[in-house]
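Inspection log for the structure reproduced underneath, given as structure tokens.
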Amino acid sequence: MRSPNTNVELRQLAGSASQIWNRGDEWVELGGQMSETARELTAIGDSSVHKSKGTDKLAEMASETAVDLSAAAVRYTDTGKALRIYADALEKAQNWIRANEDAVRDAETGFQTAQTAQEDAVGRQRSIERVMPWEDEPEQGDLDAAASDVSAAAAALGTARQHRDEMWTAFDDTFETWSDAYDEAVDSIEKAYETAGNNDGFWEFVDAALDVLAVVLLVLSVIALIIGAPLTGLLAGIILALSVVVLALNALKFAFGRATLGDVALAALGLVPFGIGKVLSRGVPTLSAAMSSGRGAVVGAIRGGLPSAVSRFSIPFTPFRVPVFNPLRAVGNAWTWLRAPATARAALPAPSMFVNPIRSIPLGGTEAVQVQTFLQTMRNSQWATNPGVQQVISSTSRAMPGLPTQILNTGLWAGFTANDIAQLAGWSPHIPVLSDVKVG
């Protein structure tokens, strides 16, 4: 059932007024305690009785804490007051609806009944007044009775309508008063946040985003040890982009005094492996380059080993050998020459995209593992003894990371992974000087 004036549904309002009032009262009391504590901390910070660096640090921390605590006191106190005011309005509205809901329904039902009765009375009157040619004229008494019924029904309808309108108007006023109180409470709470100046909603989102990014980066870093080309570049690009986002968010927090320079430095460490990786992998061929060189050498070996199409036959009973062109051999040579690239690709297939992560760590990445696997395939091929193929194997092997580089790669991976896990666990190492630098 809805109000004919506002179309608001006739129902009880949700919420426990007593619980809301109690929560608001608790927050007002808590805000008062925070305010009192802030005054005490301010007194400590303003005290001139400092005998050591320890007490100086205590005074500094007390002053900083007092500012935050004062802001929190304003936030809790004003929010609690807004909740108490709203709780009173809610209770009044709920009490009125509880006491009058049935009366409003009865008034609406009475009006509907009176309206139907009035329509029926008018219908009967018209039926009596409507005389067909074959019917007799109605008696005056019947006409007077019908008119009296119509008049009585109209009067009853007017009374029912007036009562119905009064009840719905009272309900609409009650609902509007409650709605205004709700809107005012929302505005007051928002104002309390603005006045306190410590609304951490955005920064809570930033912290949550950093937590999620930390997990994603750790997972992608593990995946990057398993998946090689052709996805190596894509994974590296994604990890680099996410690391830049982490650095930017920490820089933003630092600019607003919510992070230390040490936090920014730790975030910047996420970009270091990319720079170090380029230095350590300088000269190491990509998988595509290694495959191109290796297959090219095999193609050269195949084509260089083709026999001549000219055969020499001895003339009987003479010491002479006469050169004779062999068309079948010429056709075979041409076919072998044309198929050399396909033969090289079949003999030297691309290594699997998935590699052993234990090998990826010292070699500095999955693509180096794939290159190493491709080199082994070349060594096991039937052309491994060919000078050209041996030269490719030798030059590529020399370009691969040596033992010192492999040890450095392993150490870097262990260090940066340990840092990622530590930050994910909520523990950040203290960086001298930098961890003490903070804006504001």
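The values are calculated or read from the model by the stated rules, or taken from the named source; none is laboratory data. None of these values were measured; they are calculated from a predicted model. Quick reminder, even Gly has a Cβ in these numbers, built from the backbone with ideal geometry, and neighbours come from all protein chains shown.
One line per residue, one yes/no per condition, for (1) under 22 Å from LEU10 (Cα atoms); (2) in contact with a Gly (Cβ under 8 Å, 6 or more places away or on another chain); (3) part of a loop (DSSP other than H, G, I, E, B):
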position: ALA93; (1), (2), (3): yes, no, no
position: GLN115; (1), (2), (3): yes, no, no
position: VAL122; (1), (2), (3): no, no, no
position: TRP134; (1), (2), (3): no, no, yes
position: LEU143; (1), (2), (3): no, no, no
position: ALA146; (1), (2), (3): no, no, no
position: SER151; (1), (2), (3): no, no, no
position: GLY158; (1), (2), (3): no, no, no
Among GLN391, GLN406, GLN376, the single one that is in a helix (DSSP H, G or I) and surrounded by 13 or more Cβ atoms within 10 Å (Cβ to Cβ) is GLN406
In a helix (DSSP H, G or I) and at pLDDT below 85, is that true of ASP211? yes
Filter result (buried (at least 18 other Cβ atoms within 10 Å of the Cβ) and not in a helix (DSSP H, G or I)) within segment 228-250: GLY228, ALA229
I'm told ALA99 meets every condition in (1) under 30 Å from GLY24 (Cβ atoms); (2) surrounded by 14 or more Cβ atoms within 10 Å (Cβ to Cβ) except one. Can you identify the failing condition by its number? (2)
Only one of ILE393, ILE407, ILE431, ILE358 that is assigned by TED's automatic domain parsing to the domain that holds PRO230 and modelled with pLDDT of 85 or more: ILE407
Could you tell me whether any residue of segment 337-344 is among the aromatic types (Phe, Trp, Tyr), modelled with pLDDT under 80 and part of a loop (DSSP other than H, G, I, E, B)? no
Residue, modelled with the lowest pLDDT, within segment 157-187, restricted to residues that are closer than 30 Å to GLY31 by Cβ and either touching a strand residue (DSSP E or B) at 6+ places or on another chain (Cβ under 7 Å) or crowded, with 18+ Cβ neighbours inside 10 Å (or both): ALA185
